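Following: one structure in C-alpha cells, then a few remarks.
The values are calculated or read from the model by the stated rules, or taken from the named source; none is laboratory data. In this text the structure is predicted, and so the values were computed from the model without any measurement. Please note: Cβ atoms are built from the backbone with ideal geometry, for glycine as well, and neighbour counts cover all protein chains shown.
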Amino acid sequence: MTIPLKEEFTLSIYSENHVGLLNQITTVFTRRHINIESLTTSESAISGIHKFTVVVFATADNIEKLAKQIEKRIDVLKVFVFRADEIIHQEIALYKVSTGSLLGGNEIEMLVRQYGARILEITPEYTVIEKTGHKNETQELFEKLEPYGVSQFVRSGRIAITKNKKELLETYLKKLETDEVQLN
Amino acid sequence: MRPKGMRKVTGKVGVCFATSGPGATNTVTGLANAMMDSTPIVLITGQVVSSLLGTDAFQETDVVGVTQPVTKWNYQVRRAEDIPAAIARAFYIARSGRPGPVVIDITKDAQVNELDFNYEPVKSIRSYKPESPIDFHQIEEAARLINLSKKPLALVGQGVIMGNAEKELLDFIEKSGVPAAWTLLGLSAMPSDHPLNVGMLGMHGNYGPNVKTNEADLIIAIGMRFDDRVTGDLSKYATNAKVIHLEIDPAEINKNVHADVPILGNVKKTLPILTDKITKNEHNEWLKEFKACERIEHDRIIEKEIHPLDKGMTMGEVISKVSAAFNDDAIMVTDVGQHQMMGARYFKFKQTRSVVTSGGLGTMGFGVPAAMGAKLGRPDRQVCVFVGDGGFQMTIQELGTIFQTRIPVKIVLLNNNFLGMVRQWQELFFDKRYASTELINPDFQTIAKGYFVPSLRITERDNLDDAIKQMVDAEGPFLLEVVVEKEGNVFPMVPAGASVSDIRLE
C-alpha cells in the first residue's frame, strides 16, 4: 500500500468575529493530530468578518475532511484550501544584530542589499533588520547573519492572497443569498 | 439523558437545566452522547456573576470551553437583554440541519436582572447553512444507477426518522424494490415485518445485510454516516458497489466511504424527487439470497436464542417475549451492552420513533433516564427499557426520580452478573482472561423496595410469562429483574477490524 503524500496547504478561513473562534478552529486540527505550521489572524477586508490563514502539511484527502469539519462550526463562514501555486504568500522576519558588527565591516550591509532587506532602527547598541519573503528566504538570511551575531530573530505566520480574478469570499456571500431564495 | 429520550420519541427539542460548576460538568457525557447521535437539545447552565468571571469564583467552570467540542454551538450570555436572542438562536441551531446539542451559559446577574422582553425567532444565520440546495443533476445520476443496478442495497439511518421521511422512504423502497437494511439508530423507521426489511447492519446486525454488502453492486445510503460499527474494515467494505449517499451534513460525504453520487439535503425533500425518477422494479432473485441468509441465521442463532434448550434463560428469549406482550408496539429504550444489541435484534416494531438508544457514544447508564424522558414525551405509549446489571447501577439513583414523579416506565433488568459485552470480547479475543467484568451485585429488589418501585425477580423460565404480564399490566412503574445465562454471547458478530463479509455466526 502506498502512503498518501503529504503536501503543504494554506487554508483561508473566514468567520464571524466572535470570542472563542480560534479555539473552535484549532481543536479541529488537534483532534486529527495535524500540526499547525503557521497561523495568522486579523479582520478581513469585509467589516465584521475575521480571516485566519493556516499553513499545514497534510494529505489532500485529509485536508478536504478537515476543511468540512471547520466549516461545520456554526460561526465559520467558509474555508478555502490552496496549494502553494494558487496563492501569493509572504512572511515577515525581524533580526536584531549589534550595531558594532554592522559598522565593523561592510558584510552585513552587503547582505541587507543582496536580500532586499531593510533596516528599521539603529541605536548605539543594536540594529533591527526587516525582511519579507518566503520562509526559506528569511531563514537563509538568518543563517547568513548568524556568524555576525543575531541576538533575536522572529518570523511571522503566513499571509496569502489568491491568484483568482474574483474575490472568492464575495462570490460566496452572493451565492449564499441566491441559495437562500431557492431553499425558501 | 432524559431530554434525549423525550426528543427521540416526539421529534421536539429536549431542554434541560444545570447549575454552574459541577452541575454543568455533569452534563458533558449527555452532551457528547447527543452530539454523536444528532439529538437536538438546549441546555441552559448557570454561571457566576459576570464581574467574577475568570477569578476562580465559587462553582465557576469554563462551561463554554469545556462543552465546545461536544456541542453544535455554545454561547455565554452576560446581560439580561441578550437572553431572548441567544435562546432563539439556540433553538434554531439545535433543531435545524443536522440536529445537535446547544449550550447557553447564563451568568447570575443576567439571570436576575430585568429587561424589556422582545422575542424574535431566528430565521437564518449568515455563517450557517442547515440545508444545501438540491442538486438535481446528482439525483438524475442516482436514478440512472438505481435503474441499472441488479443487486442494490439501501442502508437506512436515523436521518429518515429525524426528517420525518418514513413515508418517503417506504415509497422509494416499494417502487424500487430495493432491500432495505438499517443502522441501530435507523431502527423502527420501517416496520419490522415489511417484506423488504432485511434487518440490521453492523457488528451485531443480521447475517444477510452484512454479507450482501460486499456482493451488492449499488449501495444507497439514506441519512446514515457509515460508522465503524456498521462498516468494519473500510478497505474491504462494499467492494463491488457504487455508492449513492443521501445526507444532510456535507462533512459526512466522503468522510469514511467515498460517495460516487452524493445527494446533499434533507431526505424528506430529496427522496421523493429520486423516487419520481426511478422506474418501478422488483429484485426477487436478489431478495431470495437475503431469505437464504435469514434461514441460515435463524437455524444457527435465532432459534437457539429465543427457544433455548438449556436451562438458563437467554436475553433474546426474554426480549422477544416482552416485545410480544406489548403487541410489538411499545417504545423500546435500552442501555448499552449485550442487551442493547439483543433488543435491536429481537424487539419488533410497528411504528416509527419506537427506539431510544445510545448509539455513537455507547453511554452506559443512559437507559433509565432516557426511558423517563420517552414516557413524558409519549404518555400515550408503553415505554419499556432494557438494562443490564452493569449499566443499571450507573444511574440507579433515577429510581428516586421515578418514585417522586411516578413516571410509569417498565424496566426489564437482564441480570447476568457480568459486564456482558466486555466479557464476550475477553472470551473471544483475550483467551477468556476476565478482568473487571464479573460483578458482585447488590440486591436490586431491596434497592427497588427502598425507592418504593414495585418489582419482581425471576430465575426460572416457568415464571417468565406471568412476570412479564404482571409488568405490562402494572399501572405505575415496575422493575422486572430476570436472571439470565451468565455467559451468553451476542451473535452474529463482525470482529472489530474485520470485513463485514467475515461476520461470525459462532
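Here are the numbers:
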| quantity | calculated |
| --- | --- |
| Whichever residue in the stretch B:310-358 is of a type in the set (Asp, Glu) and at pLDDT 95 or above and, among such residues, is surrounded by the fewest Cβ atoms within 10 Å (Cβ to Cβ) | B:Asp329 |
| In the stretch B:133-147, the residues that are of a type in the set (A, V, I, L, M, F, W, C) and out of contact with any Pro (no Cβ under 7 Å at 6 or more places or on another chain) | B:Ile134, B:Phe136, B:Ile139, B:Ala142, B:Ala143, B:Leu145 |
| B:Thr275, sole failed condition from (1) free of Cβ contacts under 8 Å to residues at least 12 places away in the same chain; (2) of a type outside the set (Asp, Glu); (3) out of contact with any strand residue (DSSP E or B) (no Cβ under 6 Å at 6 or more places or on another chain) | (1) |
| Test set (1) in contact with a Pro (Cβ under 8 Å, 6 or more places away or on another chain); (2) at pLDDT 95 or above; (3) assigned to a loop (DSSP other than H, G, I, E, B) - B:Asn164 fails condition number | (1) |
| From the options B:Ala467, B:Ala435, residue that is surrounded by 15 or more Cβ atoms within 10 Å (Cβ to Cβ) and at negative phi | B:Ala467 |
| Candidates B:Ile244, B:Ile302, filtered to the one that is under 30 Å from B:Asn463 (Cβ atoms) and either buried (at least 17 other Cβ atoms within 10 Å of the Cβ) or in the same structural domain as B:Lys150 (by TED's automatic domain parsing) (or both) | B:Ile302 |
| Given (1) within 14 Å of chain B (Cβ to nearest Cβ); (2) touching a Leu at 6+ places or on another chain (Cβ under 6 Å), number of the condition A:Leu77 does not satisfy | (2) |
| Every residue from the stretch B:241-267 that is away from chain A (no Cβ under 12 Å) and touching an Asp or Glu at 6+ places or on another chain (Cβ under 6 Å) | B:Ala241, B:Lys242, B:Val243, B:Val261 |
| Flag if B:Pro22 is over 14 Å from the mean Cα position of the chain (by Cα), within 23 Å of B:Gln397 (Cβ to Cβ) and not assigned by TED's automatic domain parsing to the domain that holds B:Gln158 | yes |
| Residue among A:Lys131, A:Lys72, A:Lys144 that is among the charged types (D, E, K, R) and within 27 Å of A:Pro4 (Cβ to Cβ) | A:Lys72 |
| In the stretch A:55-74, the residues that are among the charged types (D, E, K, R) and either more than 9 Å from chain B (Cβ to nearest Cβ) or without any contact (Cβ under 8 Å) to a residue 40 or more places away in the chain (or both) | A:Glu64, A:Lys65, A:Lys68, A:Glu71, A:Lys72 |
| Of residues in the stretch A:82-124 being in a strand (DSSP E or B) and either within 14 Å of chain B (Cβ to nearest Cβ) or small (Gly, Ala, Ser) (or both), the one farthest from A:Tyr14 (Cα to Cα) | A:Ser98 |
| Number of the exception - A:Val19 against (1) part of a strand (DSSP E or B); (2) within 12 Å of another protein chain (Cβ to nearest Cβ); (3) aliphatic (A, V, I, L, M) | (1) |
| Filter result for B:Thr363 (in contact with a strand residue (DSSP E or B) (Cβ under 9 Å, 6 or more places away or on another chain) and of a type in the set (S, T, N, Q)) | no |
| The listed residue being assigned by TED's automatic domain parsing to the domain that holds A:Gln139 and surrounded by 19 or more Cβ atoms within 10 Å (Cβ to Cβ), out of A:Leu77, A:Leu102 | A:Leu102 |
| Flag if A:Phe52 is touching a residue at least 40 places away in the same chain (Cβ under 8 Å), surrounded by 18 or more Cβ atoms within 10 Å (Cβ to Cβ), closer than 19 Å to A:Ala160 by Cβ and within 14 Å of chain B (Cβ to nearest Cβ) | yes |
| Leading residue by the ranking (surrounded by the most Cβ atoms within 10 Å (Cβ to Cβ)) among those in the stretch B:99-124 that are within 25 Å of B:Gly223 (Cα to Cα) and at pLDDT below 95 | B:Ser124 |
| Residue identified as at pLDDT 95 or above and in contact with a Pro (Cβ under 8 Å, 6 or more places away or on another chain) among B:Pro369, B:Pro454, B:Pro379 | B:Pro454 |
| Close pairs (6 angstrom Cβ cut-off, 6 or more residues apart or separate chains): closer than 21 Å to B:Gly362 by Cβ and at pLDDT 95 or above in the stretch B:30-59, outside any helix (DSSP H, G or I) and among the basic types (Lys, Arg) anywhere | B:Ser38/B:Arg98 |
| Boolean, B:Pro195 is over 27 Å from B:Gly337 (Cβ atoms), at pLDDT 95 or above and either in contact with a helix residue (DSSP H, G or I) (Cβ under 9 Å, 6 or more places away or on another chain) or part of a helix (DSSP H, G or I) (or both) | yes |
| Single condition A:Ile36 does not satisfy, out of (1) away from chain B (no Cβ under 14 Å); (2) touching a strand residue (DSSP E or B) at 6+ places or on another chain (Cβ under 9 Å); (3) surrounded by fewer than 14 Cβ atoms within 10 Å (Cβ to Cβ) | (3) |
| Extreme residue, farthest from A:Thr99 (Cα to Cα), among residues of the stretch A:136-156 that are of a type outside the set (A, V, I, L, M, F, W, C) and touching a residue at least 60 places away in the same chain (Cβ under 8 Å) | A:Ser156 |
